[in-house]
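The values are calculated or read from the model by the stated rules, or taken from the named source; none is laboratory data. Nothing here was measured: the structure is a model prediction, and the numbers come from that model. Please note: Cβ atoms are built from the backbone with ideal geometry, for glycine as well, and neighbour counts cover all protein chains shown.
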Amino acid sequence: MGSVFLPHLHTGWHVDQAILSEDSRLVVIRFGRETDPDCMLMDEILYRVTEEVKNFAVCYLVNIDEVPDFNTMYELYDPMTIMFFHRNKHMMCDFGTGNNNKLNFVLQSKQEMIDIIETIYRGAMKGKGLVVSPKSYSHTNRSTGF
């Protein structure tokens, strides 16, 4: 249901303009398909955090079938991908998964998303291009009970 309320970018030009036109806030773009279960879950989380992060971040949705322009450039092969941009610069985040370019897994809570957006924004304000996620999402860091 979150995808109904969040702004959609319908062309590559609109995506570029969203990234270029934001001078002070972080641009959060979810690439995927509105009908995909992972996208539905993340769209709901993004919708729920929008009001809380509105002073330092803005969220958009892009359907990768409607706007295929970035699929190869950003390697958008996963059902759901979230990317972050600040002042026309791609912001990377180390989630502990080995892929620092994008978030391509579903988060469990609204607070996790707020923490990630805030961490990336703070890093961007310090001029960093890569930040470390407040929580590691590496499967190797789980306790095995041994």
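Of 53, 27, all but one fail to be under 25 Å from residue 130 (Cβ atoms) and in contact (Cβ under 8 Å) with a residue 60 or more places away in the chain; the exception is 53. What is the number of the single condition among (1) at pLDDT 95 or above; (2) over 14 Å from residue 82 (Cβ atoms); (3) among the aliphatic types (A, V, I, L, M) that residue 1 does not meet? Of everything listed in (1) at pLDDT 95 or above; (2) over 14 Å from residue 82 (Cβ atoms); (3) among the aliphatic types (A, V, I, L, M), residue 1 misses just condition (1). Within this structure, residue 33 fails the test of being on the phi > 0 side of the Ramachandran plot and basic (Lys, Arg).
Residue by residue, here is whether (1) buried (at least 17 other Cβ atoms within 10 Å of the Cβ); (2) β-branched (Val, Ile, Thr); (3) over 26 Å from residue 139 (Cα atoms) holds:
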| position | (1), (2), (3) |
| --- | --- |
| 51 | no, no, yes |
| 54 | no, no, yes |
| 61 | yes, no, yes |
| 69 | no, no, yes |
| 72 | no, yes, yes |
| 86 | yes, no, yes |
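Can you find, within the stretch 104-130, the residue that is farthest from residue 35 (Cα to Cα) among those that are surrounded by 20 or more Cβ atoms within 10 Å (Cβ to Cβ) and in contact with a Ser or Thr (Cβ under 7 Å, 6 or more places away or on another chain)? In this case the residue turns out to be 116.
Name the residues in the stretch 94-131 that are farther than 24 Å from residue 44 by Cα and among the β-branched types (Val, Ile, Thr), would you? Selection gives 131 alone. Taking each residue of the stretch 87-100 that is in contact (Cβ under 8 Å) with a residue 40 or more places away in the chain and more than 15 Å from residue 73 (Cα to Cα) and looking for partners that are loosely packed, with under 14 Cβ neighbours inside 10 Å and of a type in the set (Asp, Glu) with beta-carbon atoms closer than 8 Å, six or more apart or interchain, yields 87/23. Say whether the condition of being under 25 Å from residue 122 (Cα atoms) and either surrounded by fewer than 18 Cβ atoms within 10 Å (Cβ to Cβ) or hydroxyl-bearing (Ser, Thr, Tyr) (or both) is met by at least one residue in the stretch 28-43. Within the stretch 28-43, none of the residues are under 25 Å from residue 122 (Cα atoms) and either surrounded by fewer than 18 Cβ atoms within 10 Å (Cβ to Cβ) or hydroxyl-bearing (Ser, Thr, Tyr) (or both).
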